[in-house]
Amino acid sequence: MRRFRQALHREVLAWYTISSRLQRYFPMSETTTPRQRTTSGQGRTFDSVLDTIGNTPCIRINRLAPEHVEMYVKAEFFNPAASVKDRLAVNIIESAERAGTLQPGQTVVEATSGNTGIGLAMVCAAKGYPLVVTMAESFSIERRKLMRFLGARVVLTPKAEKGVGMYRKAEELAKANGWFLASQFETDANATIHEFTTAREIIADFPAGSLDYWVTGYGTGGTVSGVGRVLRKESPDTRIILTEPANAALLASGHVQARTDSGSPAESHPAFEPHPIQGWTPDFIPLVLQEAIDGNYYDELIPVSGADGMAWSKQLAQREGIFTGVSGGSTFAVAMQIAEKADPGARILCMLPDTGERYLSSPLFDGIAEVMSDDEVALSRSTPGYQMADS
C-alpha cells in the first residue's frame, strides 16, 4: 500500500510540475484566483468552554516542506487555552471527580512549567475549584500572568532547585493543606486522554495507515504514551519519532530514573542541563513517559538544540503564518530532518504543542524590536504625513 501510494504521489508530482510550467506561459485566472472564503458555523452550541477542547486541525506545510513529501502540523494552539495541556488538565480533574478523590470546592495544586497550569486554571475556573500552581522562577513571565489572570495563585520556586524543587513544593502544600495534587507526571489520566482524543483525531485524519511519520517531543510524556498506544495497534507502519533537548538528553543517556514508591522522582536526573525549550524535559523522567520507554513506543530518538527550535519557530511564523513556541519549533526542526531523508510521497505529522505568545519575554523574541527599524523609519519618511515626532 505504501509503495503504491508513493508511486501515485510521484505521478501526481510530475503532473503538478508540468501543469505549473504550462500555467507560467498560459496563465488561467480561474485556477489561480482564490475563491471567496465562506463559513457555515458549527451547527451546534457549546455548554462549556471545556467542550471545545480537542479536535485540533492538521495543517499542510506548503512553503517550507521539501517538494517530495507531504508535511503537516497538528496545531494544538487551537485548544481554548492555546496548548495541548488543555487535554490532560480537563481529564485529570474529571477523572478525579468520577473517582471521588476531588471534592466540590477543594483546592487543586500542581507543579508546572506553565501550560498545564494555564490549562488547569481554565478548567478550575469553569468548574469552580481554587487552584495553586508551583513553578520554577525561570519560566516565562507571560505564563505566570496568564494563570493569575485565570484566577490561580502562583508560588515560585528557586530555579536552582529545577523541576524537582517545584514538584516537591506542590507535594508539601498538598500534604499540609489537604489539597488535591493533580500529579500530571504520574497519573494515567494524562496518557489516557491522548489515547481517547489526540490519537483518535490522528487516525481519523490519516486513515488506513496513510501516515508514515509522527514526530513529537516530551514533557510529561502523556502525548507519546497515549498516542503510541493507538498507533502501535492501528497504524503499525507509522514510525514514531521522539525528540529531546540536545543538552538535556535524559533518554539518550540510558540512566534509569530513581523513583519513590509513588513513582515520583527521587532525585534530579544527572543528564539534565538547563535548556531553553520550555515545557519539555524536566530534570527527571516522568512515570507517564516510562510507559513509552518500556513499551518501545518510539522508533527513533533525535536530539535538537534550543537554537534550532527557535530558528524554525520563526520560519514557521514568517513563511507559513503558523505561530508556535520553542517546543513546536524544536519538534518541527526534527520533522524537517526526517522530511529531507524520507522516501518520495511520505506523509509526516509534527506536533505543535502551543502558541508563540507564551514566549514574548523569552529568548525566542530576542532581536524582535519594539521600536521602528531603520527600514521602517525610511518607509515612514517616504510619504509626507503622519510621521512620529522622533523618527
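Some points to look at:
- A simple count of charges around Glu234, restricted to other residues whose Cβ falls under 14 Å of its Cβ and scoring Lys, Arg +1 and Asp, Glu -1, yields 0.
- Note on region 198-251: Kirkwood radius taken over Cα pairs, Stokes-Einstein applied at 10 °C and 1.306 mPa s, translational D equal to 135 µm² s⁻¹.
- Structure-derived semi-axes √(5λ) of the Cα gyration tensor in Å - corresponding label in (1) 37, 28, 22; (2) 37, 23, 22; (3) 32, 25, 18: (1)
- Residues considered: Gln257, Gln315, Gln337. Largest GNM mean-square fluctuation over the chain, using C-alpha springs under 10 Å, is found at Gln337.
- Lysine pairs in the chain whose alpha-carbon atoms fall under 23 angstrom of each other, counting only those eight or more residues apart or on distinct chains, come to 19.
- Least to most buried among Cys124, Cys58 (fewest other Cβ within 10 Å first): Cys58, Cys124
- Ordering Ser48, Ser113, Ile61 by Cα displacement along the dipole of region 48-174 toward the positive end leaves Ser113 in first place; charges were set at the Cβ atoms of Lys, Arg (+1) and Asp, Glu (-1).
- Counted residue by residue at 0.36 nm each, then reduced by the alpha carbon distance between them, the extension gain from Asn177 to Glu357 reaches 61.4 nm.
- Phi to ³J(HN,Hα) by Karplus 6.51 cos²θ - 1.76 cosθ + 1.60 over region 75-82, Hz, x for Gly, Pro: 8, 6, 6, 7, 5, x, 9, 6
- The local environment of Gly105, defined by Cβ-Cβ distances under 14 Å, has a net charge of 0 under the rule Lys, Arg +1 and Asp, Glu -1.
- Rounded to whole Å, sorted largest first: equivalent-ellipsoid semi-axes of region 85-181, Cα gyration tensor: 21, 15, 11
- Residue with peak Gaussian network fluctuation, the chain [Cα springs, cutoff 10 Å], from Ser361, Ser305, Ser210: Ser361
Quick note: the coordinates plus some simple rules give every number you see, no bench work behind them. Everything numeric in this text was worked out from a predicted model, so none of it was measured. Glycine gets a Cβ as well: all are built from the backbone with ideal geometry, and neighbour counts include every protein chain shown.
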